[in-house]
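Visitor: Structure in structure tokens, see below.
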Amino acid sequence: MTPKPKITKKPKKSINVGIIGLGAYLPSKVMTNLDLEKLVDTSDEWIRTRTGISERRIACKEEMTSDLAANAARMAIKNAKLEPADIDLIILATITPDMLFPATSCFVQAKLGAVNAACFDINAACSGFIHELTIAQQFIESGMYKNILVIGAELLSRFVDWKDRSTCVLFGDGAGAAVIAPVKRGGLLSSYIGADGTKSRLLMFPAGGSVTPASHETVTQGLHFLKMEGNEVFKNAVRVMTNASAQALSRAGLTTEDIDCVIPHQANIRIIEAVIQRVGIPAEKVFVNVEKYGNMSAASAIVALFEAVKEGRVKKGDKVLMVAFGSGFVWGSCVIEW
Ligand code: ACO
């Protein structure tokens, strides 16, 4: 049981900001651990016991990150009972964009016909959704925008080395989207984001940027694929997500007893178990779907929230704690009253 954090209630704000529509899109192709056994020297048993993952989705050749994003976004806009033209701003979180530039959110805007929306992308890796919520809240509270579409979309299968068993078994493709708008009650009760850039080299795509531009050598050496020091990332994820959970609770003026559902980033079941044990939250309050999709980075949190609501694990009036950690390192946490 972690010590109860000091209660520092946020000053009362005039506008409540919440989620008025959610959507998700998972490519139909399923890749199981048994399929992976045919590609690399691994086993279903190793993957399940070390990560909790049984299968993941893989986009088809014709699909791009912006397609996954647009599909999830259409559902979120429909569930919010809006039209694409009602969207004022699109924020897309991804580490696997269609191209280095232009922003993938611009491709999504065109696919949706969201003609009135401004667009930008953010790179906050697995914490993308919590960063987006935090940004959207500022725009809505300031009165600048009303309906903000936030999307997490990843096509990691095109960026992992399918010969590297230490990474390729972990990731999957997918997208989630949410429409953020003023709400009458509840909504985002607190949020907290942070970063530690001194650990950036532990998880990255080494080449393709200004440090190591693409060349014949970078391709031969596989430097455009995701590289990760798994053990170090694991230890940092547990420590940081534990602290971040306490921060979000403290900023909302709540304790673990007030929380109905916890939605942690879905990277590895062992990270989730270690975090909830340290935070002092019973396992039955925690939503997990990592077994079906693996780690979808920025898409994981929105897809998990979407499924938790759909399955009735998050109901009207419930308080939901979300917490995430990813490459950068960056992290975020928030409490939402549904
Ligand atoms: N199948 C079989 N054996 C494997 C595999 C595999 N797929 N991968 C690694 N191994 C082997 C290793 O080679 C090593 O063998 P050795 O002891 O002979 O050297 C052994 O298994 C143990 O390897 P470890 O790396 O110590 O395994 P660990 O228990 O740490 O699990 C893992 C590795 C799953 C990657 C874990 O460290 C992890 O989950 N890290 C965090 C990942 C994460 O949370 N990322 C979040 C951010 S992602 C983002 O921001 C995009």
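Visitor: Could you pull out the residue among A153, A207 that is within 16 Å of the ligand (Cβ to nearest atom) and closer than 30 Å to I47 by Cα?
Guide: Details: A207 fails: within 16 Å of the ligand (Cβ to nearest atom).
Answer to the selection: A153.
Visitor: Being at pLDDT 95 or above, open to solvent by 40 Å² or more (accessible area, probe 1.4 Å), away from the ligand (no atom under 13 Å from the Cβ) and within 21 Å of L100 (Cα to Cα): is that true of T198 here? Can you show your working first?
Guide: Details: at pLDDT 95 or above: yes; open to solvent by 40 Å² or more (accessible area, probe 1.4 Å): yes; away from the ligand (no atom under 13 Å from the Cβ): yes; within 21 Å of L100 (Cα to Cα): no.
No, not satisfied.
Visitor: Taking the stated definitions as given, is A72 over 20 Å from L305 (Cα atoms) and of a type in the set (G, A, S)? Break it down into steps so the answer makes sense when it comes.
Guide: On the way: over 20 Å from L305 (Cα atoms): no; of a type in the set (G, A, S): yes.
No.
Condition check ((1) open to solvent by less than 30 Å² (accessible area, probe 1.4 Å); (2) modelled with pLDDT under 95; (3) among the polar types (S, T, N, Q)) across all residues:
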site	(1), (2), (3)
A72	yes, no, no
I77	yes, no, no
C106	no, no, no
C126	yes, no, no
T134	yes, no, yes
Q138	no, no, yes
Y145	no, no, no
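Visitor: Which residue, of A207, A214, is in contact (Cβ under 8 Å) with a residue 12 or more places away in the chain and on the phi < 0 side of the Ramachandran plot? Reasoning before the result, please.
Guide: On the way: A214 fails: in contact (Cβ under 8 Å) with a residue 12 or more places away in the chain.
The conditions single out A207.
Visitor: Let me ask something additional. Looking at the stretch 34-71 only, could you name the residues that are farther than 28 Å from I19 by Cβ, of a type in the set (D, E, K, R) and more than 16 Å from the ligand (Cβ to nearest atom)?
Guide: Hits for the stretch 34-71 are K61, E62.
Visitor: When you go through (1) touching a His at 6+ places or on another chain (Cβ under 7 Å); (2) closer than 14 Å to G23 by Cα one by one for A93, which number turns out not to apply?
Guide: Unmet for A93, out of (1) touching a His at 6+ places or on another chain (Cβ under 7 Å); (2) closer than 14 Å to G23 by Cα: (2).
Visitor: Before we move on, is R74 outside any loop (DSSP other than H, G, I, E, B) and within 16 Å of the ligand (Cβ to nearest atom)?
Guide: Numbers: outside any loop (DSSP other than H, G, I, E, B): yes; within 16 Å of the ligand (Cβ to nearest atom): no.
No, not satisfied.
Matching residues to (1) outside any loop (DSSP other than H, G, I, E, B); (2) open to solvent by 10 Å² or more (accessible area, probe 1.4 Å):
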residue	(1), (2)
G23	yes, no
L36	yes, no
V40	no, yes
T49	yes, yes
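The values are calculated or read from the model by the stated rules, or taken from the named source; none is laboratory data. Since we're looking at a predicted model, the values are computed, not measured. Please note: Cβ atoms are built from the backbone with ideal geometry, for glycine as well, and neighbour counts cover all protein chains shown. Heavy atoms of the whole protein, side chains included, go into the accessibility calculation; ligands, DNA and RNA do not. Shrake-Rupley method; radii C 1.70, N 1.55, O 1.52, S 1.80 Å.
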